[in-house]
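This report concerns only the one structure given below.
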Amino acid sequence: MTSSTDAISRRGFLSAVTGIGLGVVAAGSGVSEGADADVSWTQPGATAGKTSWLPEGTGPTGELTTAWSVGETRDGSKTEIGAIVNGTVYAADSAIRAYDATDGTERWSVKATVPQSDYDDSMRADIAVPSVVNDIVLAPVRIGNENETAHATIVAVEADSGSKRWQLGVDSPKTFSPLTAYSDSVFCCGPALSGSNQSYVYRIDAQGSSILWQAPIDLDTPGQNTALVADGRVFVAETEGVTALDAPSGKVLWDALPDVNARNVPAVWNDTLIVWEAAYPGSTLIALDVITGTELWKTAYGGETIVAVEAIDDDRVYLSMNNANTIIALDRSDGSELWRETLPETPPTDDRSPTGQVPTAGLARVGSLLYAGGSTLDPTDGTIRSTTAITRPEIGGLELAAVVDERCYFHGGSMHVLESVDAAAHTDDSKVTPDENTPNSDTPITQPNSATTDSRSPDKRTETIPATSTEGAGFGLLGGAVALMLAGWRQRSS
């Protein structure tokens, strides 16, 4: 894969708006016109409320097999799928990457690099999981090392090409949270763009980077607190308590749980906002009324039990317990436990080769099924309908990231996509044949000869984004032998 790096120095931005540097490599024609996505997964958690629920969506049923997969990254970074929209998968590892959802062909990639004139060798640019608003792909970027953050940025690129749309950021030890896409905006928590120590929750115009409003919040680590949005309201967990704001204006609507260390707000649906309280040992879930902030119910797990909210629908809240091997369903109306089920997995062998294992991490409530790792369950009683083992990567494992258009998408140490055997029988002619030099280490146990494609092979085209501290980003668009370098910038706003 060819690449282009354009390190933008601070001096070049003294008379312009500042930001980090980006470089794009185009490997295909852009968003697929032929993919008829019935329901889009626009961001981590599927919706702005992080429900991981698509009631009108369709997932695979019956015996599953590999549709396609992408091998482990060359630098060992974890792959995170953020969105699947209009036949394209948008993911991040050391770069933002767009893949054809049909066969895994890489369309383009955008990578951040750190100019040596601005930072020492210990600094690197990390791109977080992307979200999609209409035709724009957006992601937070952090510049720093293992011990400190020096610069935080949000970057927006064109969904069909990876070309830079806009960017804003600030030199700060704080980072931006994952971005929540809602209507034509993105919402997030992050540092003050003025450079002060205050943290804010932002509403940002996805098309043009304008700060539509910003509201101060009490958070030392805003990058760890995702802002949820539902029915015109924004919900944020602060150092103590939870705040609801009006999405159009940023006006505070209510504050609740002032004496609770509300670690995060993992999901909201209909009239119920779920709050995860940092209560050790154990963990506590609190449900609030979204209109008033009134407590509806509280469910506590003591001892060594740690639960995480994974999905929510009209009737139930779905939890994973203790490393995702056990799934619990709570009644959304009162928090009582309805059922729990331990997921099966194939234990790994003790040799050094990759081993077949049923993934247990990641939940998605799609159509009539609950997808839990490599298993499907009846959401009403937890009955396991099917399981699929996948040869796990050497590093990182696999976690269910999304279920869209009759396919299950896994990320982690590699990226793996499953579909039903019946669907595969109708699409075999269109699958990509793996290169003989590409290790086929992700083949599921159910079909050892399934096609695998490694989109990171050297003949693919990759884009790089040089990142700078107080200045903007430079974008390079590389297509074949032609390189078009576009000056980058970073917009600052206080």
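Taken together, the values in this text are just the output of simple stated rules run on the coordinates, not laboratory data. It should be emphasised that the depicted structure is a prediction, and the values quoted were computed from it without experimental measurement. Cβ sites come from the backbone with ideal geometry, for glycine too, and all protein chains shown count toward neighbours.
Mind ranking 325-334, 99-108, 249-258 by how tightly packed they are, going by the mean number of other C-beta atoms within 10 angstrom, highest first?
For the peptides 325-334, 99-108, 249-258, the packing ranking is 99-108, 325-334, 249-258.
I need the peptides 83-89, 216-222 ranked by packing, meaning the mean over residues of other C-beta atoms within 10 angstrom, with the highest value on top. Walk me through the numbers on the way to the answer.
Values: 83-89: 24.6, 216-222: 16.7.
Ranking the peptides 83-89, 216-222 by packing returns 83-89, 216-222.
About the Cα centre, and with charges only on the beta carbon of Lys, Arg (+1) and Asp, Glu (-1), how big is the dipole of the range 136-271? Nearest 20 debye, please.
With only Lys, Arg, Asp and Glu charged at Cβ, the dipole is about 300 debye.
With charges set only on the Cβ (+1 for Lys and Arg, -1 for Asp and Glu), what does the dipole of the range 132-188 come to about its Cα centre, in debye to the nearest 20?
100
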